Amino acid sequence: MKVIIIDDEPLARSIVKDYLLTSNEAELVAECNDGFEGIKAIQQYQPDLIFLDIQMPKINGFEMLELIENPPAVIFTTAFDEFAIKAFELNAVDYLLKPFSKDRFEKAIQKYQHQENTSHVEKVIETAAESPAQQNRVVVKDGNKIKIIPIHQVHYLEAADDYVKIVTNDGSFLKKRTMSFFEKSLETFQFVRVHRSYIVNTQLITRIDAYEKDSHLLLLTTGEKIPVSKSGYTKLKEVLGI
Amino acid sequence: MKSILSDKRLQVFFATWWMLCMAIQFLILKQINIDDKHALLDTLASIILLATGSFFISNNMKYYLPRKEKYWYILIISITVGFLWFLAQRAAMWMILKDGDAYINFIHTTSAIRFGAGFLLLSSMSMFSLMWYGQQEYKEMANRKTETEQLSKEAELFKLRRQFQPHFLFNSLNSISALTSSDPEKARHMIYQLSDFLRGTLKKDEQQWIPLEEEIQYLQLYLEIEKVRFGHRLQTEIIIPGEAMQFKLPALILQPVVENAIKFGLYDTTGDVLIKLQTKVENGNLNISVQNPFDPETAHPAKGTGFGLRSIQRRLFLLFARNDLLKTTIENNIFTTTIVVPQMLQPVDPVATEKERK
């Protein structure tokens with residue numbers, strides 16, 4: 001069983017390392033200081049299990065997971081984060097609240113071994129994305145680079161098969177998520193799903209024109225035009241208060 | 001306060017009310033065989049002037065709402081305005097109809113009934129306005145009250161959270177847990193530091209002014225703990241001229257600034273980090289600046305000051321009624337927060353001054 005530890009505090013990593021030493025099956029293949037290192041190490045070593053902290057520099061634990069194609073099983077380690085805990089309780093293999101005892105740690109390992117294939121990392125991410133702290137930016141992969149987009153720089157999102165195209169000041173990016181995921185997580189930033197295939201940043205709307213029967217067309221300050229469906233128009237009116 | 005006439009529904013109501021008054025007066029005059037022309041002129045002059053008078057009374061209440069003796073106020077103002085209206089109405093009719101018209105005589109003989117009707121209409125209108133403005137004032141007061149209550153609740157909650165600092169506390173305990181096997185001596189030391197820090201947070205009264213030296217000692221505890229957590233990554237530099245040490249500042253005002261610097265400078269970056277704290281004495285005031293590097297890719301400190309700093313700005317404003325005491329600048333990915341603490345005169349002990357005078 002190949003294991004990677006990802007945590008920005010050396011002492012926090014050393015505890016997990018200590019606890020792992022007594023296990024015969026686990027083999028620690030890498031220790032990482034932040035999410036970027038984590039992504040590289042996961043691609044390189046293809047671990048079976050990772051121990052992952054949430055609050056880390058640059059990108060947090062959830063954002064790191066979002067960028068990995070087939071995430072390995074995860075045991076989260078964190079000090080305190082109400083929302084994260086809610087996410088874990090629903091879907092994670094296990095989560096360890098710092099500081100945790102060796103007994104608790106071993107239980108987590110056992111849990112992993114028993115239900116090896118039933119981790120719902122995707123769902124953990126989706127639940128966690130509703131946390132207010134997670135929402136003010138979107139993290140995307142741009143080739144081999146990782147890009148962090150502040151929400152206010154996003155113009156609109158467009159459905160593109162299994163992906164969602166995120167159109168921003170610096171061009172557009174693809175992310176493997178559903179429209180309803182973004183619809184939900186961007187709600188508080190006054191983004192509205194105006195169409196089955198479009199979610200728009202309402203701050204950028206300059207004009208709403210009637211188009212064909214029952215449909216409208218939005219003009220953004222950036223010059224882009226977005227179609228609005230009938231139900232989308234109702235939602236839009238509600239948010240804009242018109 | 002908004003005006004009684006800014007309400008759309010009331011506008012419609014008043015218009016309808018005065019139209020109705022006109023209709024009634026016209027009908028009465030017709031009933032006693034007055035011809036159309038005179039009846040119409042009389043009605044128009046009376047009601048338009050009466051509406052003006054009533055508007056004047058209502059509008060006046062927007063600026064002055066009687067509190068004590070408000071019913072007497074209604075009575076007196078209705079009599080006064082009623083009398084003025086009575087004169088104005090007569091003058092108007094006299095000017096329109098010229099001398100010699102028999103109708104002038106008719107107006108004269110109906111003086112008492114005219115004044116009486118005018119007085120009743122005016123007093124009912126002013127009573128209505130008084131109640132409306134009174135209710136408006138009550139609504140505003142209730143709104144203000146809920147708002148202040150909300151604010152104080154939020155502040156209390158925030159204070160509690162900041163005292164507890166769960167993230168910091170649990171992570172520190174985790175570090176201690178790691179040290180117990182590798183370096184028990186250091187673990188024990190960290191327990192003392194953490195205890196002293198927590199005690200300091202609980203003990204301090206935010207109303208109190210303490211010497212800079214004391215606040216710095218408290219800050220050192222905090223930084224030492226963070227250094228254990230993050231190892232060599234965190235370096236700190238504190239420059240304070242000796243003369244500044246005895247200057248005073250409100251308790252717990254500096255630590256949140258440094259905490260904010262750590263949050264952006266240390267928690268959100270990789271690599272080594274230098275947090276720099278400098279104080280100066282400028283124009284007799286204490287000038288403290290805290291510098292931290294930040295990652296321009298992930299942090300956007302330019303927008304707003306962040307919750308930590310906003311609450312400090314608010315505190316400084318409440319203490320000194322000035323909004324210019326906290327400033328932030330950004331240069332080459334270094335974020336600098338500067339706060340100025342005016343040195344208020346130390347509270348004077350009246351007994352001591354009395355003795356000095358003698």
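Here, each number is a calculation from the coordinates, and none is a lab measurement. Fair warning: this is a prediction, and the values are worked out from it, not measured in the lab. Cβ sites come from the backbone with ideal geometry, for glycine too, and all protein chains shown count toward neighbours.
The residues B:W209, B:W85, when put in order of fewest to most other Cβ atoms within 10 Å, stand as B:W209, B:W85. Electrostatic tally near A:K147: other residues with Cβ closer than 13 Å to its Cβ, Lys and Arg +1, Asp and Glu -1, net 0.
Each of B:R9, B:R314, A:R137, B:R229 was scored by other Cβ atoms within 10 Å of its Cβ. Arranged with the fewest first, they read B:R9, B:R314, A:R137, B:R229.
Relative contact order (percent) for chain A, with alpha-carbon contacts under 8 angstrom and 6 or more residues of separation? Please list the in-between numbers first.
On the way: 417 pairs, mean separation 25.0, N = 242.
Computed over chain A, the figure is 10 percent.
A simple spin-label model places the labels of B:Q208 and B:T180 3.3 nm from each other, with each point 7 Å out along Cα-to-Cβ.
Would you mind checking the tilt of helix B:70-97 against the longest principal axis of the Cα atoms of chain B, expressed as 0 to 90 degrees and rounded to 10? Tilt of helix B:70-97: around 50 degrees. Candidate cross-link partners of B:K30 among the lysines, defined by an alpha-carbon separation under 30 Å and a same-chain spacing of 8 or more, comprise B:K98.
The angle between the Cα long axis of helix B:36-63 and the main principal axis of chain B comes to about 20°, on a 0 to 90 degree scale. Where both bridge residues fall in the protein assembly as shown, DSSP classifies roughly 70% of the beta bridges as antiparallel. For a modelled paramagnetic label at B:L274, 7 Å from Cα along Cα-to-Cβ, the residues of the stretch B:318-343 in reach, with backbone nitrogen under 20 Å, are B:329-338.
Taking label points 7 Å from Cα along the Cα-to-Cβ direction, B:L41 and B:E140 give a separation of 4.5 nm.
Of the GluC sites (Glu not before Pro) found in the stretch A:49-89, those that fall in a DSSP loop while having at most 13 other beta-carbon atoms within 10 Å are A:E69.
Do the sum for chain B: with -39,500 (n - 2.57) for every DSSP H run of n ≥ 4, divided by all residues, what is the mean residue ellipticity at 222 nm, to the nearest 500 deg cm²/dmol? Walk me through the numbers before you get to the answer.
Working: 11 runs with 229 residues, N = 358.
One gets -22000 deg cm²/dmol as the mean residue ellipticity at 222 nm.
Any idea which of A:Y95, B:A155, B:A92 is furthest toward the positive side of the dipole for the protein assembly as shown, if Lys and Arg beta-carbons carry +1 and Asp and Glu beta-carbons -1? Farthest along the dipole direction, towards plus: B:A92.
Taking Cα atoms, how many degrees apart are the long axis of helix B:166-182 and the longest axis of chain B, rounded to 10 and kept between 0 and 90? Helix B:166-182 sits roughly 10 degrees off the main axis of chain B. Estimated from the Cβ-Cβ distance and a Förster radius of 22 angstrom, the FRET efficiency linking B:R9 and B:L75 is about 0.20. For the stretch A:204-242, the list of GluC sites (Glu not before Pro) that fall in a loop by DSSP and count at most 15 other C-beta atoms within 10 angstrom reads A:E212, A:E224. Per residue of A:6-15, other chain Cβ atoms within 10 Å of the residue Cβ number 6 on average.
Electrostatic bookkeeping for A:Y95 treats Lys and Arg as +1 and Asp and Glu as -1; over the other residues with beta carbon under 13 Å from its beta carbon, the sum is 0. Summarising the label geometry, the points placed 7 Å from Cα in the beta-carbon direction at B:N59 and A:T188 lie 4.9 nm from one another. First check a/c for the stretch B:57-129, with a ≥ b ≥ c the square roots of the eigenvalues of its C-alpha gyration tensor; if it is under 1.5, answer rounded, and if not, answer prolate when a/b is larger than b/c or oblate otherwise. Since a/c reaches 1.5 and a/b is larger than b/c, the shape of the stretch B:57-129 is classed as prolate. Residues A:I199, A:I205, B:I191, ranked from the fewest to the most other C-beta atoms within 10 Å, line up as B:I191, A:I205, A:I199. Residues whose amide H lies under 5 Å from that of A:L174, counting only those 5 or more places away or on a different chain, are A:I166; hydrogens are built 1.01 Å from N in the peptide plane.
Just to verify a number: FRET efficiency for A:D103 and B:K227, C-beta to C-beta distance, R0 = 30 Å, to 0.05?
Working: r = 30 Å, r/R0 = 1.01.
Computed FRET efficiency for A:D103 and B:K227 comes out at 0.50.
Here A:Q46 and B:R322 are evaluated by their C-beta separation; at R0 = 56 Å the FRET efficiency comes out at 0.40.
Length gained on full extension, A:D142 to A:T22: 39.2 nm, using 0.36 nm per residue less the C-alpha separation.
Note down the magnitude of the dipole of chain B about its Cα centre, charges +1 on Lys and Arg C-beta and -1 on Asp and Glu C-beta and zero elsewhere, to the nearest 20 debye.
Values: 40 positive and 36 negative charges, 198 e Å.
Rounded to the nearest 20 debye, it is 940 debye.
Restricting to DSSP loop positions (anything but H, G, I, E, B) with no more than 13 other Cβ atoms inside 10 Å of their own Cβ, which chymotrypsin sites (Phe, Trp or Tyr not before Pro) remain in the stretch A:138-230? Display every interim value, and only then the final one.
Values: sites: A:Y156, A:Y163, A:F173, A:F181, A:F182, A:F189, A:F191, A:Y198, A:Y211; in loops: A:Y211.
Those satisfying the criteria are A:Y211.
Lys and Arg at +1, Asp and Glu at -1: add these up for the other residues within a Cβ distance under 10 Å of B:I107 and post the number.
Numbers: positive: B:R90, B:R114; negative: B:D42, B:D101.
With Lys, Arg at +1 and Asp, Glu at -1, the net is 0.
Each residue of the stretch A:152-160 was assigned a 3J(HN,Hα) from its phi angle through the Karplus expression (A = 6.51, B = -1.76, C = 1.60, θ = phi - 60°), giving 5, 8, 7, 7, 7, 10, 10, 5, 9 Hz with x at Gly and Pro. Starting from the Cα gyration tensor of the stretch A:121-194, take the square roots of the eigenvalues, sort them a ≥ b ≥ c, and report rounded, prolate or oblate (rounded when a/c is under 1.5, otherwise prolate if a/b is larger than b/c, else oblate). Rounded is the answer for the stretch A:121-194, as its axis ratio a/c remains below 1.5.
Taking all Cα pairs closer than 8 Å and separated by 6 or more residues, the relative contact order of the stretch B:180-324 comes to 21 percent.
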